[in-house]
1. Only residues in segment 20-42 that are farther than 13 Å from VAL4 by Cα count as the first member; pair them with residues that are hydroxyl-bearing (Ser, Thr, Tyr) and exposed (fewer than 10 other Cβ atoms within 10 Å of the Cβ), Cβ under 6 angstrom, at least 6 apart or cross-chain, and list the lot.
2. From the residues in segment 7-22 that are touching an Asp or Glu at 6+ places or on another chain (Cβ under 9 Å) and in a helix (DSSP H, G or I), which one is surrounded by the fewest Cβ atoms within 10 Å (Cβ to Cβ)?
3. Given the conditions (1) in a loop (DSSP other than H, G, I, E, B); (2) surrounded by 15 or more Cβ atoms within 10 Å (Cβ to Cβ), and given that GLU42 satisfies all but one, which numbered condition is not satisfied?
4. Step by step: first the residues of segment 23-39, then only those that are among the β-branched types (Val, Ile, Thr) and assigned to a helix (DSSP H, G or I), then the one that is most open to solvent (accessible area, probe 1.4 Å). Which residue is that?
Amino acid sequence: MAVVYAMLIIKDKKTFSSVPSKLKDQVKEILTDMDVPELATE
């Protein structure tokens, strides 16, 4: 599910602040691995 949120953030369909708190660490890690850590901000 974290990958889905990361892709939606990259496609500008969701924001990092809309990610459920229990998934935020995983989503942040995925976005960092995809070289877009700036998208993992509140």
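1. GLU42/SER17
2. The extreme case among them is SER17.
3. Unmet condition: (2).
4. Only one residue fits best here, namely THR32.
The values are calculated or read from the model by the stated rules, or taken from the named source; none is laboratory data. In this text, all values refer to a predicted model and were calculated from it rather than measured experimentally. All Cβ positions, glycine included, derive from the backbone under ideal geometry; neighbour counts span all protein chains shown. For the accessible areas, the whole protein counts, side chains as well, though only heavy atoms, and no ligand, DNA or RNA atoms are used. Shrake-Rupley method; radii C 1.70, N 1.55, O 1.52, S 1.80 Å.
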